[in-house]
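What follows is calculated from the coordinates using simple rules that are stated; it is not laboratory data. The structure presented is a predicted model; accordingly, all values stated were derived computationally and were not measured. Glycine also receives a Cβ, built like all others from the backbone with ideal geometry; neighbour counts cover every protein chain displayed.
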Amino acid sequence: MTNMNINGGIPSRCWCGKGIVTYVSKTEENPYRRFFRCEIGLQRKKENHVFKWVDEALLDEIERMAEHQARLDEEIEDLRISMKKTVQEEVMNHNNVGCVGTLFGLLCLWSKYD
C-alpha cells in the first residue's frame, strides 16, 4: 500500500479529494494496529489512495513540529542579535546623553523584550 501523503504527518485528505477515515487492522501481521485510509481506498485498492499507519503519522507529525520549533528558535536568536546590534548602535549615536541616560535606556529596551 502506498502512502500518498506528501506533507507527512497526519493526513487530512486523499489526492482524490475524499476525506480520511481511521480503521483498525485485523490482519495477523498487524493485529489491532490503527491506520488512516481514504474513504474509498478500501474499495479501490489498485488506485493507490492514501494509506498511513497512525503511529507512523504521529511520529512524522512530532518530527515536523520539532523542525518547525528549531526554525522558530533560529529566528528568535537572529532577532535577539539584531536587537542587540540596534541597541549598541543607538548607544553609540547618543553618547552625549551621558552614562546614566544610556544605562537607563538600555535597561528599558532589554526589559521590554525579555
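When the GluC sites (Glu not before Pro) in the stretch 1-93 are filtered for DSSP coil states and for at most 13 other beta-carbon atoms within 10 Å of their beta-carbon, the remaining sites are Glu28, Glu29. The chymotrypsin sites (Phe, Trp or Tyr not before Pro) found in the stretch 2-71 that occupy coil by DSSP, while having at most 11 further C-beta atoms within 10 Å, are Tyr32. Scaling against 2.2 N^0.38 Å puts the C-alpha radius of gyration of the stretch 23-64 at 1.25.
Using only alpha carbon pairs under 8 Å that are at least six residues apart, calculate the relative contact order of the stretch 6-60 and give it in whole percent. Please report the intermediate quantities before stating the final value.
Values: 91 pairs, mean separation 20.5, N = 55.
It comes to 37 percent, rounded to a whole number.
For the stretch 1-74, the normalised intensity computed at q = 0.22, 0.23, 0.25 Å⁻¹ comes to -0.94, -1.00, -1.11 (log10 of I(q)/I(0), Debye sum over alpha carbons, equal scatterers, no solvent). Spacing of the modelled spin labels on Val21 and Glu61, each 7 Å from Cα toward Cβ, amounts to 2.0 nm.
Per-residue extension of 0.36 nm, minus the Cα-Cα distance of Met92 and Ala70, leaves a gain of 4.6 nm for this segment.
What's the local net charge at Trp53, with K and R +1, D and E -1, over the other residues with C-beta under 12 Å away?
Details: positive: Arg33, Arg34, Arg37, Lys52; negative: Glu29, Asp55, Glu56, Asp60.
For residues surrounding Trp53, the net value is 0.
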